[in-house]
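Following: one structure in structure tokens, then a few remarks.
Each value in this text was obtained by applying a stated rule to the coordinates, not by laboratory testing. Source: prediction; values computed, not measured. Here Cβ is always computed from backbone atoms with ideal geometry, including for glycine, and neighbour counts include all displayed protein chains.
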Amino acid sequence: MLRWIGFDTAMVLDGGWQNWDASGGRVSETPRPHDPADLVHGHRPELFVTREDVLTAMKDGTPLIDALSEAQFQGQQDELGIKGHIPGAINIPGASLVDQISECFLPDEELAALFPQDKTQRCILYCGSGIAASSVAFVMTRLGFKDVAIYMPGLQEWISDPNAPLNNG
């Protein structure tokens, strides 16, 4: 969301606060004064797509990435009342990008192996409602992908159209 409004210098504390504290990261309880500033923003509508954009992507071969679990993707598990995936999508679960023990993102080399090799080609990501897809978009942007977009309404909107194709397994 911060990239959408043009704020590109935000950072994520990899592994979260508990990991930082447990690893002996520096901590202070003293507030740091900051001069007030205005956030100058410019919306980037290209970072989000519509159902119509996804339908076009299905026809023109734009990579679609489903960020939900493999079980949901394969139609074996019902998440949010949805089983399956948009035809032609590949599955890169958001949860698979994080080491389950350290709760930190996997090393960049391991992450890069999961994604398409062409970092200039547009990729459209989706999940149930945008949360897992946002995590995948963050990683792809960090890896240098130049044209990553999210279908934010995701499968919740997709299945509301009885004519929208869905691969259930």
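Remarks
- For the chain, a Gaussian network of Cα nodes joined below 10 Å ranks Asp66, Asp118, Asp147 by mean-square fluctuation, and the top entry is Asp118.
- Estimated FRET transfer efficiency (Asp8, Gln156; beta-carbon r; R0 30 Å; 0.05): 0.55
- Helix-only mean residue ellipticity at 222 nm for the chain, each DSSP H run of n ≥ 4 adding -39500 (n - 2.57), per residue, nearest 500: -6500 deg cm²/dmol
- Part-to-part distance (alpha-carbon centres) for region 1-78 and region 79-122, which is given in Å: 13 Å
- Under the Debye formula (equal points on every Cα, no solvent term), log10 I(q)/I(0) of region 100-169 at q = 0.12, 0.19, 0.25 Å⁻¹: -0.40, -0.85, -1.10
- At R0 = 41 Å, FRET efficiency that the Cβ-Cβ distance of Leu39 and Lys119 yields, to 0.05: 0.90
- Peptides 128-138, 31-41, 5-15, 80-90 ordered by average Cβ neighbours within 10 Å, highest first: 128-138, 80-90, 5-15, 31-41
- Taking label positions 7 Å along the Cα-Cβ direction at both Leu106 and Thr141, the computed distance is 2.1 nm, reported to one decimal.
- Shape category assigned to region 46-158 from the gyration tensor of Cα positions, a/c cut at 1.5: oblate
- Computed label-point distance, nm, for sites Ser129 and Arg26 using a 7 Å Cα→Cβ extension: 4.0 nm
- Calculated from backbone phi, Karplus (6.51, -1.76, 1.60) coupling profile of region 142-147 in Hz, x at Gly/Pro: 4, 7, x, 5, 9, 9
- Prolate/oblate/rounded call for region 1-99, Cα gyration tensor, a/c under 1.5 rounded: oblate
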